[in-house]
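The values are calculated or read from the model by the stated rules, or taken from the named source; none is laboratory data. Keep in mind the model is a prediction, meaning the values are calculated, not measured. Counting neighbours? That spans all protein chains shown, and the Cβs are built from the backbone with ideal geometry, glycine included. Areas reflect the complete protein model, heavy atoms only, side chains present, ligands, DNA and RNA absent. Shrake-Rupley method; radii C 1.70, N 1.55, O 1.52, S 1.80 Å.
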Amino acid sequence: MSVAASEPDLLVGPLLRYAGTTTATVWVETARPAEVTVLGHRARTFTVEGHHFALVLIEKLEPGTVTPYDVRLDGKLVWPPDDGRPRPVIRTREGEREARLVFGSCRVGAPQRPPYSLSRAEDAKGLEVDALWAYSKRLQQEEVPWPDALLLLGDQVYADLVPPETAAFIRSRRDPSEPPGEEVADFEEYTRLYRESWSDPDIRWLLSTVPCTMIFDDHDVNDDWNISDSWVEEMRRLSWWDDRITGAFMSYWLYQHLGNLSPPELAEETLLHDLSEDEDGGPRLRTLARQWDRESAASRWAYYRDFGRSRLVVIDSRAARVTVEGRRDMVDEEEWEWIAEHASGRFDHLILATSLPAFLPAGIHHLEAWNEAVCDGAWGAIAQRLGERLRRAVDLEHWAAYQQSFRNLTELLRSISRADDPPATITILSGDVHTSYVASVDLGAGAGTSRVHQVVCSPFRNPLNQAERRIVKLTGSRPAAFLFSALARACGVRPPVATWTISSRRTFHNSIGELAVDRHRAHVTLFRSRPGPEQGDSAGLVRIYDADLGG
């Protein structure tokens, strides 16, 4: 049964956020307070500043089954629509050791039509064909292996590059000639941004039927978010920044983080219980959001998921940063201890997801390591100021720009690889850099038997222009590696214990990746979107790289 189009009671969703062997969770935003029912399981909405949300926990599902579902508000059927797409389903697992994860990052949620589906050479607004949209079409139209999860690795929304309906909403409520212009200013505008970004019918269908997990990156908040202590200080002096960062954390908790929690973690989530008891949870959530911004230790956005005997650990490499003077860490100490604990164990495969790549092309790695040393005063105060400008201008903020954190990560990988029963493969999934590649990593002498790879897939939809691509190619070249490694050594930077080789050709297309694991084998495939004759329904995906990662 489906519903005809009408004034929506269901504003965003449903999003299938978790599917295990017998349990699942479904998230929604509704237009009014209501009791939400999915497969006979109910949850009341809670309210945050006039917006209504619910996360429905569905229990006692049969393992290894495919169950169609619908969504009802106060008994009224509101989903799925009568639009010819397949019905949304919940697929439970049954102890399988194999798993298939689809992943990527960086998606501007503009409409899938011209001018947005054109290239930038054809139109200044062009973003080309959305790889996530093309993947949804593929699942609907082709017989392909079904994914166990969709992993969104950051920049799910662009607060500083908003799609057209959100821009129109901004113009309707304030003067965009005043800062922050046609960018998101507060929580209310964030709710419109999420709604537009996730409301394309094919994206909405995909998110309703494939379990999705998420972690934020800078554009979910602002370009260069938390790149340095001086950046943070400058932003906090801006009159509009407090509303922006508070709205960012409020909306992240609601739209992204809450659904990342597994049922056992939900049972321990006191904030969800408190918001459910509040008449309006806005003041409570707003107070906490300001605390999350000011204190990295006040929250933990990292989480994990198990797929059979393989573990996924998702690392927050933005809000967990420590950028106070004299200290620069990608992840604060307490959260790093949590990551190390949950990444260790007897797994077939270990998958670490971090929005920012750990193993960059060598030239870029050494450039970032050198720049960090300069920014820390290795060449004096004048060079320090120039280094900070360079850091922001070309986004020198990945793991290589936090050398102590990079060394900690490398040592963690080495320790895991030489455990008594190490995982067959360790794969680091990342996005952010608007290029896609696979790197084979050698952890150095004394490392164990695990095969280690860095897989980068970005963007879903926001390709670099030609000038930006030339810069990335140049800084990642062999001559650049030689130059910047010499500069890093001159600043006293220790060479990395690990070495790595880019084993695929770097590409700059809108892309999506797929990682398949099975006992002791792992395989990665990267796809790019391909425009159809009119960027319409015939657009699809083209395989650009696939390889075995171990086994």
Residue pairs meeting the criteria (Cβ under 7 Å; at least 6 apart or on separate chains; first more than 16 Å from W231 (Cβ to Cβ) and open to solvent by less than 30 Å² (accessible area, probe 1.4 Å), in the stretch 371-389; second at pLDDT 95 or above and of a type in the set (V, I, T)): A373/V493; A383/V374
Search result, residues across the stretch 428-478 that are of a type outside the set (A, V, I, L, M, F, W, C), modelled with pLDDT of 95 or more and either assigned to a strand (DSSP E or B) or surrounded by fewer than 20 Cβ atoms within 10 Å (Cβ to Cβ) (or both): S430, S436, Y437, S440, D442, R451, H453, Q454, R461
Name the residues in the stretch 403-427 that are in a helix (DSSP H, G or I), under 23 Å from the mean Cα position of the chain (by Cα), crowded, with 19+ Cβ neighbours inside 10 Å and of a type in the set (A, V, I, L, M), would you? L409, L413
Elements of type helices (runs of 4 or more DSSP H) contained in the stretch 254-367, each with 2 or more residues being within 30 Å of R93 (Cα to Cα): 263-267, 270-277, 333-343
Residue in the stretch 1-49 that is modelled with the highest pLDDT, counting only those that are part of a loop (DSSP other than H, G, I, E, B) and among the acidic types (D, E): E49
Note on R120: of the conditions (1) more than 22 Å from S458 (Cβ to Cβ); (2) modelled with pLDDT under 95, unmet is (1)
Matching helices (runs of 4 or more DSSP H) fully within the stretch 174-248 where at least 1 residues are open to solvent by less than 10 Å² (accessible area, probe 1.4 Å) and not charged (D, E, K, R): 187-197, 201-209
Every pair of residues 6+ apart whose Cβ atoms lie under 8 Å, when the first sits in the stretch 46-70 and is in contact (Cβ under 8 Å) with a residue 12 or more places away in the chain while the second is open to solvent by less than 20 Å² (accessible area, probe 1.4 Å) and of a type in the set (K, R): L55/R17
The stretch 299-316, subset at pLDDT below 95 and in contact with a helix residue (DSSP H, G or I) (Cβ under 8 Å, 6 or more places away or on another chain), residue most open to solvent (accessible area, probe 1.4 Å): R300
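What residue, of D546, D537, is at pLDDT below 95, surrounded by fewer than 14 Cβ atoms within 10 Å (Cβ to Cβ), within 19 Å of L139 (Cβ to Cβ) and not polar (S, T, N, Q)?
One residue alone meets the criteria, D537.
Taking A159 as the residue in question, decide whether it is of a type in the set (A, V, I, L, M), part of a helix (DSSP H, G or I) and modelled with pLDDT of 95 or more. Quick ask: steps written out before the conclusion?
Numbers: of a type in the set (A, V, I, L, M): yes; part of a helix (DSSP H, G or I): no; modelled with pLDDT of 95 or more: yes.
Here the answer is no, as A159 does not meet what is asked.
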Name the residues in the stretch 368-390 that are closer than 18 Å to A480 by Cα, in contact with a Cys (Cβ under 6 Å, 6 or more places away or on another chain) and among the aliphatic types (A, V, I, L, M), would you? A373
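Evaluate the following for T37: is it surrounded by fewer than 24 Cβ atoms within 10 Å (Cβ to Cβ), out of contact with any Ser or Thr (no Cβ under 9 Å at 6 or more places or on another chain) and not charged (D, E, K, R)?
Numbers: surrounded by fewer than 24 Cβ atoms within 10 Å (Cβ to Cβ): yes; out of contact with any Ser or Thr (no Cβ under 9 Å at 6 or more places or on another chain): yes; not charged (D, E, K, R): yes.
When the stated conditions are applied, T37 passes them.
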List the strands (runs of 3 or more DSSP E) inside the stretch 76-122, counting only whole elements, that have at least 1 residues being open to solvent by less than 10 Å² (accessible area, probe 1.4 Å). 89-91, 98-104
Got at least one residue in the stretch 461-480 being touching a strand residue (DSSP E or B) at 6+ places or on another chain (Cβ under 6 Å) and at negative phi? yes
Could you say whether any residue in the stretch 385-402 is at pLDDT 95 or above, of a type in the set (S, T, Y) and not in a helix (DSSP H, G or I)? yes
